[in-house]
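Below is one structure, written out as structure tokens; comments come after it.
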Amino acid sequence: MTRRRGQPRFVLETRDVLLSLLLPGLGHLARGFWTKALMYLGTLTVFGITMGMAVSKGRLSWIAGPSDYWFSTVMLFVMLMLIWIIGIFDLNHSVRSRTERHYSFGYWQMTTRRFSKDPKGIIGMLLILVTVHIALFAPFFASGHSFKGVEGYVKPVSHAIHMDLRNFRAPPSNEHPLGTDHLGRDVLDRLIFGTRIALGIGVVATLLNMLFGGFLGLVGGFFRGATDATIMRALEIVNSIPFLVLVLLIRGLWPGGGILSLMLILGIFGLQPARIIRSEVLSVREQDYVTAARAIGVPTWRIILKYVLPNAIASLIVVTTMSIGVNIIVVAGLSFLGHGVPPPAPSWGGMLQQAQEFIRTAWWMAVFPGLCIVVTVFGFNILGDSLRDVLDPKLK
Amino acid sequence: MIGYTLRRLLQVVFTLFALTVLVFVLLKLMPGDPAVVMAGIGAQLETIEGIREELGLNRPWPVQYWRFISGLFSGRLQAMTYHKPVYLVIAQRLPATIELGLFGLIIALAVSIPAGLLSAIYRNSLLDYTVTTVALMGISIPVFWFALMLMLVFGVILGILPVSGRGDSIALFGWQWLRVSFVTWDGFRHLIIPSVALASVQMAMNARLTRASMLEVLREEYVNTARAKGLKERIVLIKHAFRNALAPVVTNVGIQVGTLIAGAVLTETTTAWPGVGRLMVEALQRQDQAVVFGLAIFMAFFFQISYVIVDLMYAYIDPRITYD
């Protein structure tokens, strides 16, 4: 086991542990079993404390949020669970490698090592993780009050949807740090809950993109010939009108469509990844090892899974990261035009649409939602940029 | 070369045809009846029936499709809610968009190419970090929010630029539909905010691309050779490096000419610029199927043609590339 030179091991490990308090999954960066375990334990503690505080504040219904966008929230939780599962595997792996006397650095170890030294990637990760934390624990960060419902029991209301019509377009104050909108709803609370929508749609739509577009690109690039030609023609047809206009047209088919249909439309028709993956596959399939595998009679599906996909994974990861940002911007644009997330739900683009009318009188309605979009998308872009450098060192 | 061009054009025709079918089917599948919208609130049933008859909305789809297509090319297709032929509706809005797009492109190129060049030449300097960070920010900023912020700062707070609209314009050659506004002072002032907003994304993308392409070229052997010959650094950079680094940038600009129209949808809506982008949003809201159809085809045509020109230009810039 080589040791990084320059700084004492203690400093390096303390830094790793501190970083991991915010980043679940960063445990990969650590070396020994105990450091890893400590890092994961740290993450668990931070999540536990946040969750405990949310529960102790009496917001047991924190999954639901103020509207019916449960799906995006559930997806975020699934993402979190995935990170944990990866973490457990990682720990397990490190137990095994600890029993071996020597272990060499593989591709992923080298990559994570490079990644941990790239300030761009760490900044991006931190930005994204802060937004993910805010999205997951939105009810804890947001304000609200309780009132006695008609049925007699106490009902909690979030200020993100509760309209206070006597207090509309109030400038930032102690009570409303970022002011209120034209219906007296708290801007900060809406932004906090809007994080769930933006991230949820962005992540789900991108995963679908990768599934559909990735599949098309893989098949087209690998089989070439007529299959490829058909796919490319179809892509060309879809790509020849602006994506936003295409989505507007398709969205017109379900005028009352909610977040779920938005995710589906963006996910299925955002075929930009197909092109990139196709070109990647085209270059991989010409490599000698693919020819060799074919020569010894490895079945096609196995070649794709075992040889082509792992070699194209670097660009897949970069494209995924970048397209989350793109999708967030597209959703904001659609909501801004009034064809995205339907109104009562607090989406950033929708908030900007409402702010447009009051640009002369209520600047706070326009400034902050946009800043949220910029910070989130910037996080994904800078992470993708750093990943591009890290995953493929040949390019540097 | 000529054979390739012809084949590409044939492909364009095929793509456009498939697109017309796609857009038509989408429009027809949309809920809501354009005849009801046209007749207005509280219209008699007979009026609605009459409109349906007049527009052929009760005919089978292939017949309606043929009406759309042939009407579009012969100029007989009437817009459903604008009381004008479709081509005239689009032609009246087009000069504004082209004006905006060209200005946006000029601003984007004027800023991004020098920025990208400098950051590649002074690599890993403070300047480089600033340029790359700002460019990355530029990609992350939604165009419409940037336009809103410009309106807020320069229009509302400082009050030096008009907030929205197009301002005075002059009709060229006495044609009422061909109006340009940048020649008048008022129109020029109106143009600044939307074109800067529209340019923001292109600016960022071009700067990144110029930097990457320049870095690539600077690593080439012939740059080394040129330096070893004792040429001045400026000549090496401009004559040997920059000219070769330009090819991908030019391609990208060509593609962007098409995307400028797309970006115009959001910018024009935000700044109330009377171009085709805003027309698209308006027509969709009014359920004017004829205008949406015509506009979608027009945009696709513009896109496709700019792609073909990019391909041909690529071969012209880089003689190593031949199409056969």
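The values are calculated or read from the model by the stated rules, or taken from the named source; none is laboratory data. Only a predicted model underlies this, so the values are computations on that prediction, with no experimental measurement involved. Virtual Cβ from ideal backbone geometry, glycine too; neighbours counted across all protein chains shown. Remember, those area values only see protein heavy atoms, side chains included, never the ligands or the DNA or RNA. Shrake-Rupley method; radii C 1.70, N 1.55, O 1.52, S 1.80 Å.
At a threshold of 20 Å², the residues of the range B:126-172 that become less accessible to a 1.4 Å probe in the full protein assembly than in their chain on its own are B:L136, B:M137, B:I139, B:S140, B:P142, B:F144, B:W145, B:L148, B:M149, B:L152, B:V156, B:V163. When the accessible areas of B alone and A alone are added and the area of the pair subtracted, with a 1.4 Å probe, the result is around 3800 Å², both sides summed. 3J(HN,Hα) couplings calculated from phi for the range B:229-236 with the Karplus curve 6.51 cos²θ - 1.76 cosθ + 1.60 (θ = phi - 60°) are, in sequence order, 5, x, 5, 5, 4, 5, 5, 4 Hz; Gly and Pro show x.
Note on chain B: helix-only mean residue ellipticity at 222 nm, from DSSP H runs of 4+ residues weighted -39500 (n - 2.57) and normalised by residue number, equals -24000 deg cm²/dmol. Counted as membrane-span-like here are DSSP H helices of chain B whose alpha-carbon atoms extend 30 Å or more along the helix's own axis and whose Kyte-Doolittle mean is 0.5 or above; these are B:2-29, B:86-121, B:185-218, B:243-271, B:289-317.
On chain B, 67 percent of the accessible area sits on carbon and sulfur atoms, based on a 1.4 Å probe. For the range A:252-258, 3J(HN,Hα) computed residue by residue from phi via the Karplus equation (6.51, -1.76, 1.60; θ = phi - 60°) reads x, 5, 10, x, x, x, x Hz, glycine and proline entered as x. Less than 5 angstrom separates the built amide H of A:V341 from those of A:S335, all sequence-distant by 5 or more or on a different chain. Within the full protein context, the accessible area of A:K117 is estimated at about 140 Å² for a probe radius of 1.4 Å.
Per residue, the solvent-accessible area of the range A:187-395 (1.4 Å probe, heavy atoms of protein chains only, all protein chains present) comes to 36 Å². Using the average count of surrounding beta-carbon atoms within 10 Å as a protection proxy, the listed peptides A:182-191, B:234-243 rank, highest first, as A:182-191, B:234-243. Residues of the range A:329-362 that bury at least 50 Å² of accessible area when the other protein chains are present, relative to the chain alone (probe 1.4 Å, heavy atoms, ligands and nucleic acids excluded): A:I329, A:F336, A:L337, A:Q356, A:I359, A:R360. Could you tell me how far the Cα centroid of the range B:1-53 sits from the Cα centroid of the range A:183-238, in Å? After rounding, the separation between the Cα centres reads 26 Å.
Suppose all protein chains stay in the model; what accessible area per residue would a 1.4 Å probe give for the range B:14-56, in Å²? Mind dumping the intermediate values first?
On the way: 2320 Å² over 43 residues.
Spelled out: the 1.4 Å probe surface of the range B:14-56, per residue, equals 54 Å².
The separation of the range A:260-324 from the range A:342-382, counted between C-alpha centres, amounts to 35 Å.
Of B:E233, B:E99, B:E53, the order by accessible heavy-atom surface (1.4 Å probe, DNA, RNA and ligands excluded), from most exposed downward, is B:E53, B:E233, B:E99.
Heavy-atom accessible surface of B:V36, to the nearest 10 Å², is about 70 Å², with a 1.4 Å probe and all protein chains retained. Per-residue SASA remark: B:E46, around 130 Å² accessible (1.4 Å probe; ligands, DNA and RNA not included).
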